[in-house]
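The values are calculated or read from the model by the stated rules, or taken from the named source; none is laboratory data. Bear in mind that the values here come from a model prediction, so they are computed numbers and not experimental data. In this analysis, Cβ positions are derived from the backbone assuming ideal geometry, glycine residues included, and neighbour counts consider all displayed protein chains.
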Amino acid sequence: MDLGTGFTTLHSCGGLGATLGLNKLYVKDDTVNPTNSFKDRPSAVAVSKAREFGVKAVGCPSTGNLAAAVAAHAAKAGLPCYIFLPADTESSKVLQASTFGANIVAVNGTYDETNRLAAQVAEEYNWAFANINLRPYYVEGSKTLAYEVCEQLGWEAPDSIIVPLGSGALLLAIKRGFEQFQRLGLIEDKPTRFIGAQAAGCAPIVEAFKAGDDDVTPIEHPDTIAKSLAIGDPGDGYYVLRALRDSGGVAESATDQEILDAIRLLASTEGIFSEPAGGVTIAVLKKLQRQGFFSPDETIVCCVTGSGFKAIDTIQGEIPAPDVIEPTLKAFSSNFKEVK
Ligand SMILES: Cc1ncc(COP(=O)(O)O)c(C=O)c1O
C-alpha cells in the first residue's frame, strides 16, 4: 500500500546545533510522512502483507499515531479497519483515524489494557493487527528510517542517534537497519551509540537502565503529555536495554515542562513543529549535551517522529494566543512598537 511514505528530510540543524554547541547535528523529520508520523513506515508494510494474506479486516491497538497510519493504509487497501485506543488519546489523532473510515474502539483503560483487548479480538475474529500478529512485517517497515539516514549522511551511520521509546520497536528496527547495511558493505562497520528517550511520567526503560536491571518493571499508570510514548509495559524493553548498553549509549527522560520547552526550541531554531514525542528527543539531546555526553564534532541524528498538529490540545496551552487588533495601521504600530 503506497501512500508515499518515507524518504523524509534529514535536516542539517545549524540553528539548534549552534545553540547547543554541536557542529554535526541532524533531525530526521518523520512528521512529513502521509499521516504525519513515522508509523506510516510499519503500516505500509503490515497492511500490504494483510492484503496479500487475504484477511477480512485489519487494525491495531494504538497510542494514537499508529491508528491514523493503519486506518489510512486500510482505506487505500479497501479493507475494514478496527482501531483500539485509550479513551484519553489526543482528539486530533482520533479524528484523523476516524476520518479515514476506521471503526474506533475507545477503551476505558491504559494502553496496556487496550493492547490486551486488541490481542484477544485479533485472535477471536482472526483479523490481522499491525503490531500484534503482523508484527514481524511491521518492524521491517520501520527499518527504512535507518536506511535513509545512512544514504542521506553520504553512506555512513551516525556516531549517535536519539530515538523516542514507547514499546522500543523503532529503536531495535533502526539498529537492525544499520547492521544490515554494514553486512552488505554499503556503510563502514562503525559503531553507533543508541540513546533511548522517554517522558519522565512513563520511563520504565530509563528506570531499568539507570538501576542496572536487565528487565523492565512495568509502570501501571503512565502520566505524561507524551501520550504516544505512554506504554507502561514496553514489549521490547529487555532487548532495548541490551542494545543501549552494547552500543555504549544511554537512556534518559524528560519532564513535561522540558518536553514543551524542547518543542518550542526545535520550532524556533529549525522550523520543525513536533508533537511531544519529538520534544522528548530534543529535551534528552539538551540534557545529555549539558552533561558533556557528546563531543562537538560527532554526528548526531535526532528522530522527530510525529507532527505537532497531532497534539494541538497539549501544545496550545503553552503558547500564548495572539492579541487581536483593529484593522488599522495605528493599532499595528502601537502593538508592535519594536518593529521600527
Ligand atoms: C510519534 C511516536 N514516536 C515514537 C514512538 C515509539 O515507538 P515504539 O513503540 O516503536 O518504541 C511512537 C509510538 O507510538 C510514536 O507514536
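All but one of (1) without any contact (Cβ under 8 Å) to a residue 40 or more places away in the chain; (2) of a type in the set (S, T, N, Q); (3) crowded, with 18+ Cβ neighbours inside 10 Å hold for residue 182; state the number of the condition that does not hold.
(3)
Test each condition in (1) over 22 Å from the mean Cα position of the chain (by Cα); (2) surrounded by fewer than 16 Cβ atoms within 10 Å (Cβ to Cβ); (3) of a type outside the set (Lys, Arg) for residue 99 and report the one that comes out false.
(1)
Pairs under 9 Å by beta carbon, first residue on the phi < 0 side of the Ramachandran plot in segment 79-103, partner in a loop (DSSP other than H, G, I, E, B) and of a type in the set (Lys, Arg), six or more apart or different chains?
If the second residue must be in a loop (DSSP other than H, G, I, E, B) and of a type in the set (Lys, Arg), the pairs left are 79/56; 80/56.
Does any residue in segment 1-23 that is without any contact (Cβ under 8 Å) to a residue 60 or more places away in the chain and closer than 16 Å to residue 294 by Cα come within less than 8 Å, Cβ to Cβ, of a residue that is buried (at least 16 other Cβ atoms within 10 Å of the Cβ) and not polar (S, T, N, Q) six or more places away or on a different chain, and which pairs are these?
Close Cβ pairs satisfying both conditions: 17/24; 17/25.
When the residues of segment 120-141 are narrowed to those that are charged (D, E, K, R) and within 15 Å of the ligand (Cβ to nearest atom), which ends up surrounded by the fewest Cβ atoms within 10 Å (Cβ to Cβ)?
135
Which residue out of 56, 28, 49 is in a loop (DSSP other than H, G, I, E, B) and more than 11 Å from the ligand (Cβ to nearest atom)?
After ruling out the rest, the residue left standing is 56.
Under 8 Å between Cβ atoms, at least 6 apart or on separate chains: pull out the pairs that start in segment 307-334 with a residue that is over 30 Å from residue 229 (Cα atoms) and end on any residue that is of a type outside the set (S, T, N, Q) and not in a helix (DSSP H, G or I).
Short answer, once both residue conditions are applied: 331/325; 332/325; 333/340.
Are any residues in segment 298-340 closer than 27 Å to residue 17 by Cβ, at pLDDT below 90 and not polar (S, T, N, Q), and if so, which ones?
Result: 315, 318, 319.
Name every residue in segment 213-270 that is under 30 Å from residue 116 (Cβ atoms), more than 16 Å from the ligand (Cβ to nearest atom), without any contact (Cβ under 8 Å) to a residue 40 or more places away in the chain and hydroxyl-bearing (Ser, Thr, Tyr), in order of residue number.
Passing the criteria: only 217.
Select, from 173, 157, 208, the only residue that is more than 11 Å from the ligand (Cβ to nearest atom) and not in a loop (DSSP other than H, G, I, E, B).
The match here is 208.
Would you say residue 163 is touching a strand residue (DSSP E or B) at 6+ places or on another chain (Cβ under 6 Å) and either assigned to a loop (DSSP other than H, G, I, E, B) or more than 19 Å from residue 298 (Cα to Cα) (or both)?
no
Run down 114, 144 and say which single residue is in contact with a Pro (Cβ under 7 Å, 6 or more places away or on another chain), under 30 Å from residue 79 (Cβ atoms), in contact (Cβ under 8 Å) with a residue 40 or more places away in the chain and within 14 Å of the ligand (Cβ to nearest atom).
Only one candidate passes the filter, namely 114.
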